Structure formats: structure tokens, C-alpha cells
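**Q** My questions will all concern the structure given below.
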Amino acid sequence: MANTAKGTVYYKEEAYQKINEYLRENNHSKVFILVDSNTHELCLPAFLPKIETETAIEIIEIEAGEPFKNLDTCMGVWQAMSDLEGDRKSLMINLGGGVVTDLGGFVASTFKRGINYINVPTTLLSMVDASVGGKTGVDLGNLKNQIGVISNAEMVIVDSDYLATLPSEEMRSGLAEILKHGLIADEAYWHKVGQLSELTLSDLDDIIRVSVDIKAEVVAEDPFENGLRKTLNYGHTLGHAVESYCLTHTEKKTLLHGEAVALGIILATYLSKELKDFPTEKLDDITKRIVELYGKVDFTREDIDAIIDLMKYDKKNEAGKINFVLLKDIGETEIDCQVPNDLIFDAFEFYKNA
Ligand code: NAD
């Protein structure tokens with residue numbers, strides 16, 4: 001079991017016992033369940049029968065996918081909660097992937113100055129990463145996660161059975177954050193998860209717990225990201241910029257969050273080799289595995305210019321300086337590293353030739 005500052009992560013059957021206990025012990029005026037169009041159809045029918053409560057339940061649905069993780073969608077949810085007479089004793093349950101847990105956590109944390117919420121992640125990515133640690137928020141235009149608050153869920157319910165309906169590309173997207181956990185924290189874990197070409201549900205229960213523990217430990221030590229928590233952004237400085245760029249350049253393949261992070265990991269590991277003497281043979285191994293899993297995307301010089309420009313919106317930046325997380329070795333992170341632009345071009349060149 002992993003403890004975060006407030007939310008505890010519970011698994012499988014114990015998780016449903018805990019949520020039912022919580023519902024019994026807290027006199028909620030109403031329970032809102034936030035779903036997207038996919039989790040409404042695929043996950044809600046499995047979730048509802050597990051919940052035992054006399055309190056009225058209202059379902060609120062949003063459209064699925066990153067393009068809807070924005071303030072317009074929040075407005076719709078806040079309005080629905082208000083129309084349905086939500087009050088400060090209402091509870092929000094976010095049943096979905098990282099978009100639902102990020103947006104639902106933000107909506108709950110700001111509705112009537114904040115109501116309690118519970119995360120029930122239904123994608124691999126949200127189980128191992130997005131639902132844990134209290135970061136909530138939405139995108140601003142194409143810029144990722146610019147608006148939000150840090151506010152912990154009351155608890156997080158992880159039940160890998162929801163993954164049975166998750167498309168394989170979404171499984172791969174989640175694997176990228178798992179690979180990141182191995183690279184920043186635990187070389188043996190990296191070797192284990194780096195070998196997995198096909199994720200089977202039976203591998204997953206153990207892997208999810210290890211990843212949640214890695215993330216929860218980091219968050220417990222540095223909940224407001226003053227230092228150590230920045231390491232969880234490994235691969236994300238360029239990954240987010242690439243994801244943002246692809247969101248608005250429709251001629252480019254739209255990249256799922258984890259696909260962009262995987263690409264960002266290759267670039268950050270190249271930069272680590274150049275600036276921190278990260279071992280070359282490990283860079284080659286990481287690159288080979290990630291390219292095998294995720295394939296490659298082509299970028300022109302103009303694309304890379306625009307991607308570098310987008311990095312100025314990265315949330316780790318201070319006083320206009322772009323701060324990278326780099327690795328001296330697997331499991332040995334260094335935060336707040338500055339990287340010259342010409343090296344970033346070299347990193348893309350390395351990726352292109354990989
Ligand atoms: P997502 O929520 O868009 O889910 C991906 C797709 O899977 C969606 O179409 C969704 O409807 C569908 N889906 C969800 N559960 C399903 C199921 N069980 N079966 C079938 N389909 C299902 O995206 P995601 O990959 O879960 O999360 C990505 C988001 O998480 C990004 O916005 C990213 O910024 C955020 N994130 C947040 C944190 C954090 O700490 N808060 C960490 C990492 C990522």
C-alpha cells in the first residue's frame with residue numbers, strides 16, 4: 001500500500017471496501033461521478049454495482065481525449081454540478097483516464113472553493129501516474145497543464161480489471177511513464193519493464209504497485225515540487241512540447257501523452273550523455289527499446305524550432321530559464337539542468353538516426 005500526503009492508494013477488492021466505508025462514514029449530500037464518453041460505456045457499468053450508498057448519485061459525462069482537457073469542459077462540469085444542486089458536502093468520483101482525473105480533480109478542488117474527490121483511474125497511465133500525487137489541472141489552448149492546483153484525492157482506487165477494454169496503444173502510452181519510473185529510480189525495475197514487449201494483465205498488478213510506490217514516495221517527500229518531485233518530469237520537458245506541437249499541427253501524427261514522453265525520454269537521455277556522462281551503451285539500449293515499442297516520428301528543422309519555442313511554457317522554468325531533468329546514470333537524477341539549443345537539435349538528429 002502506498003501513502004500520498006492525503007490520498008492513499010488501495011487496490012482491487014480492498015479498494016471497494018474502503019470507498020464504501022468512506023461513503024458510509026461521511027454524510028455526503030450528493031455523489032457526482034465524472035466519466036468521459038468511453039468510461040461511461042465501458043467502466044461505469046462495472047463500477048456502479050460495487051458502490052454501496054444511499055446518497056443520490058449523478059453522472060456527469062465529458063467528451064473523451066486531451067483536446068477536451070480545457071476550461072470550456074470545466075465550465076460545463078461546474079454548471080452541471082450547480083444545476084444538480086451540488087454543495088460543499090458533495091463528493092466527486094473521477095472514473096477515467098488522466099484527462100478525467102486531472103480535470104475532475106481540478107473541478108472538484110475549485111467548486112464552492114473545494115469539495116472532496118476520489119480518483120478511480122481506468123487507464124494504465126492514470127493508474128501508475130496521473131491519479132496519484134494531487135496534481136490537477138487543464139491545458140490552456142495547446143499548452144499542457146498550465147492551469148491547475150495541487151490538491152490530493154481522498155483516496156485512489158486501483159483496479160486493473162478496467163484495463164481489459166483499454167486499446168493497446170493506450171496500454172503502450174501508460175508503459176512510457178512506467179519506463180520513466182525505472183529510469184529515474186530503479187535500474188532493476190527498468191530492465192524488467194524495458195523487456196516487456198507485450199503487456200499482459202497478469203504482469204500488470206505487480207508493475208502498477210511498484211510504479212505507484214515509486215511515484216508516491218517521491219511525492220510524499222516533496223509534495224509541492226520544490227526539488228525531488230521534478231525528477232518525475234524526466235522526458236517531459238521536450239515530451240510536453242512535442243505533444244503540444246502535435247496537438248495543433250494536424251498534419252503531424254497526434255501523439256498520445258505517453259508516446260510523446262517516450263520520445264522525450266530518448267532526447268533527455270541523449271542530453272544526459274552529452275552533459276552528465278550518462279553511459280553511451282545504456283543510451284543505446286534505452287533508445288533501441290523505446291524505438292521498438294513506439295516507432296519514430298519525423299521532425300523538420302522548422303518543427304524543432306517551434307518545439308523549442310514551446311518549451312518556454314514548461315512549468316519547471318524559473319526566471320525564463322528552461323530547466324531539464326537529466327540522468328548521470330539510471331536511478332541518478334539531476335534537476336534544474338540548463339541545455340543549449342544546439343544540443344537539442346543534436347538530440348533530435350540522434351533520434352532521427354536511431
Ligand atoms: P485519457 O484520459 O485521454 O485516456 C485515454 C483514452 O482511453 C481516452 O479516449 C479514454 O476515454 C479511454 N479510456 C479510459 N479508460 C478506458 C478503458 N478502461 N477502456 C477503454 N478506453 C478507456 O488519457 P490518459 O493517457 O489516461 O492520461 C493522459 C493525461 O494524464 C494527460 O492529460 C497528462 O497530462 C495527464 N497526466 C497527469 C499526471 C498528473 O500527475 N496529474 C501525470 C501524468 C499524466
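The values are calculated or read from the model by the stated rules, or taken from the named source; none is laboratory data. Since this is a predicted model, take the numbers as computed values, not measurements. Please note: Cβ atoms are built from the backbone with ideal geometry, for glycine as well, and neighbour counts cover all protein chains shown. Areas reflect the complete protein model, heavy atoms only, side chains present, ligands, DNA and RNA absent. Shrake-Rupley method; radii C 1.70, N 1.55, O 1.52, S 1.80 Å.
**Q** Relative to the first principal axis of the alpha-carbon coordinates of the chain, what is the inclination of helix 341-353, with its axis defined by its Cα atoms, in degrees from 0 to 90 and to the nearest 10?
**A** Taking the Cα atoms of the chain, the angle to 341-353 is about 90 degrees.
**Q** Taking only protein heavy atoms into account and a 1.4 Å probe, give the accessible area per residue of segment 58-217 in Å².
**A** Value for segment 58-217: 36 Å² per residue.
**Q** Oh, and also: Given 0.36 nm per residue, what is the gain on full extension from K288 to D87 after removing their alpha carbon distance, in nm?
**A** Length difference between fully extended and current span is 67.2 nm.
**Q** Using DSSP, restrict attention to beta bridges with both residues in segment 24-128 and report what percent are antiparallel, rounded to the nearest 5.
**A** Among the beta bridges of segment 24-128, antiparallel pairing accounts for roughly 0 percent.
**Q** Also, quick follow-up: By how many degrees, 0 to 90 and rounded to 10, does the Cα axis of helix 201-221 deviate from the longest principal axis of the chain?
**A** With both axes taken from Cα atoms, the answer is about 90 degrees.
**Q** Take each of the peptides 211-220, 176-185, 311-320, average the number of other beta-carbon atoms within 10 Å over its residues, and list them starting from the highest.
**A** Most protected by this proxy first, the peptides run 176-185, 211-220, 311-320.
**Q** Taking 0.36 nm per residue of sequence separation and subtracting the Cα-Cα distance, how much length would be gained by fully extending the chain between D305 and T55, in nm to one decimal?
**A** Gain in length upon complete extension: 84.7 nm.
**Q** For the chain, find the longest principal axis of its Cα atoms and tell me its angle to the long axis of helix 98-110, 0 to 90°, nearest 10.
**A** Helix 98-110 and the main axis of the chain meet at about 60 degrees.
**Q** Could you rank the peptides 259-267, 229-237, 334-342 by their average count of other C-beta atoms within 10 Å per residue, with the highest value first?
**A** Packing proxy ranking, top to bottom: 259-267, 229-237, 334-342.
**Q** On to the next question. Looking only at Cα atoms, what is the convex hull volume of segment 60-148 per residue, in Å³?
**A** 82 Å³
**Q** To continue, here is another question. Under a plain spin-label model, where a point goes 7 Å from the Cα along Cα-to-Cβ, how far apart in nm are K312 and Y22?
**A** Calculated label separation equals 4.2 nm.
**Q** Next question. So what's the net charge close to G114: Lys and Arg +1, Asp and Glu -1, counting the other residues with Cβ under 14 Å from its Cβ?
**A** Local charge sum for G114: +3.
**Q** Share of the chain's accessible area from carbon and sulfur, percent, 1.4 Å?
**A** In the chain, the share of accessible area belonging to carbon and sulfur is 47 percent.
**Q** Tell me, what is the percent relative contact order of the chain, built from C-alpha pairs under 8 Å that lie six or more residues apart?
**A** About 15 percent, as a whole number.
**Q** When the helix-only estimate is applied to the chain (DSSP H runs of n ≥ 4, each -39,500 (n - 2.57), divided by the residue count), what is the mean residue ellipticity at 222 nm, nearest 500 deg cm²/dmol?
**A** It lands at -15000 deg cm²/dmol.
**Q** When you have a sec, figure out the Kirkwood radius of the chain from all distinct Cα pair distances and drop it here in Å to one decimal?
**A** About 20.5 Å for the chain.
**Q** Calculate the FRET efficiency for K252 and S37 from the Cβ-Cβ distance with a Förster distance of 22 Å, rounded to the nearest 0.05.
**A** According to the calculation, E is roughly 0.35.
**Q** Of A306, A108, A153, which has the largest mean-square fluctuation in a 10 Å C-alpha GNM of the chain?
**A** A306
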